[in-house]
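The values are calculated or read from the model by the stated rules, or taken from the named source; none is laboratory data. Source: prediction; values computed, not measured. With ideal geometry, Cβ positions are generated from the backbone for all residues, glycine too; neighbour counts draw on all protein chains shown.
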Amino acid sequence: MDVKADHIIDARNSYCPGPLMEMIKAYKQAKVGEVISIYSTDVGTKKDAPAWIQKSGQELIGVFDRDGYYEIVMRKVK
Amino acid sequence: MPKTMSIVLASGTMDKIMAAGVITSGAVADGVDVNIFVTFWGLLKFRKNDNSISKLSYDGSEMSDLIMRKMSEKHIQGGIEMLRTAKEVGNVHVYGCALMSDVLDIKKDDLDPIVEDIIGVSQFVSMTEDSYNTLFI
């Protein structure tokens, strides 16, 4: 992944709905065009967060498996 | 106009308060506004400095120790904290029940600051007119 995140949220070891809430809070504070990256270990968030990104019309850059956690990267488009 | 959901939270057990917190979180993530009317045993647990949300409902009472231990080990956010987070994400309004406040001499200042007002049931019911559903927890 060569997109640099403007905001990184480390929500590892936080459980549903915590990581999604943190992501939406970051989304609300971010400017249009900025990239938000969230680290999580929670199983539910891996589905919930991409679903939220798509439903709200943002850009899902990707979901990446990392060492012991995963990373969801999105761009705020509106 | 955003959709609205209403919740009557009458229970003071951990699982029920948490259910209100989780459902409210899901609602605000989906752009739904939430009005919550806290009454009876729920209202007791919204008093400031009341850290005694330590019981489960009867259905889960035999697993109480295990659940409480797991929740603590995994640092699961409590129901009221979930509501606080949900309020940062979307429109969440929490009201205390006037009747229960009178019965127990609870003033607004005695309650957690997330409770924005003490209102009567008819005011709450009028809010539910525009809700697409109302849950009783």
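Is there a residue in region A:57-67 that is within 27 Å of residue B:81 (Cβ to Cβ), within 14 Å of chain B (Cβ to nearest Cβ), surrounded by fewer than 18 Cβ atoms within 10 Å (Cβ to Cβ) and out of contact with any strand residue (DSSP E or B) (no Cβ under 8 Å at 6 or more places or on another chain)? Within region A:57-67, none of the residues are within 27 Å of residue B:81 (Cβ to Cβ), within 14 Å of chain B (Cβ to nearest Cβ), surrounded by fewer than 18 Cβ atoms within 10 Å (Cβ to Cβ) and out of contact with any strand residue (DSSP E or B) (no Cβ under 8 Å at 6 or more places or on another chain). The single condition among (1) closer than 25 Å to residue B:124 by Cα; (2) part of a helix (DSSP H, G or I) that residue B:34 does not meet is (2). Taking residue A:32, is it more than 28 Å from residue B:79 (Cα to Cα), β-branched (Val, Ile, Thr) and out of contact with any Lys or Arg (no Cβ under 6 Å at 6 or more places or on another chain)? So residue A:32 fails the test. Assess whether residue B:124 counts as being touching a residue at least 40 places away in the same chain (Cβ under 8 Å) and touching a Phe, Trp or Tyr at 6+ places or on another chain (Cβ under 9 Å). Answer is yes for this residue.
Residues in region B:90-109 that are surrounded by 17 or more Cβ atoms within 10 Å (Cβ to Cβ), at pLDDT 95 or above and either more than 22 Å from residue B:128 (Cβ to Cβ) or within 14 Å of chain A (Cβ to nearest Cβ) (or both): B:90, B:92. You will find that of B:82, B:71, B:63, the residue that is within 14 Å of another protein chain (Cβ to nearest Cβ), surrounded by 11 or more Cβ atoms within 10 Å (Cβ to Cβ) and without any contact (Cβ under 8 Å) to a residue 60 or more places away in the chain is B:71 and no other.
Please determine whether any residue of region B:62-79 is part of a loop (DSSP other than H, G, I, E, B) and within 19 Å of residue B:117 (Cα to Cα).
no
When the residues of region A:14-42 are narrowed to those that are assigned to a loop (DSSP other than H, G, I, E, B) and either touching a strand residue (DSSP E or B) at 6+ places or on another chain (Cβ under 9 Å) or at pLDDT 95 or above (or both), which ends up nearest to the other protein chains (Cβ to nearest Cβ)? Break it down stepwise before answering.
Residues of region A:14-42 assigned to a loop (DSSP other than H, G, I, E, B): A:14-17, A:30-34, A:41-42.
Keeping just the survivors that are either touching a strand residue (DSSP E or B) at 6+ places or on another chain (Cβ under 9 Å) or at pLDDT 95 or above (or both) gives A:14, A:30-34, A:41.
Details: A:14: 8, A:30: 14, A:31: 18, A:32: 18, A:33: 21, A:34: 18, A:41: 11 Å.
Checked region A:14-42; the qualifying residue nearest to the other protein chains (Cβ to nearest Cβ) is A:14.
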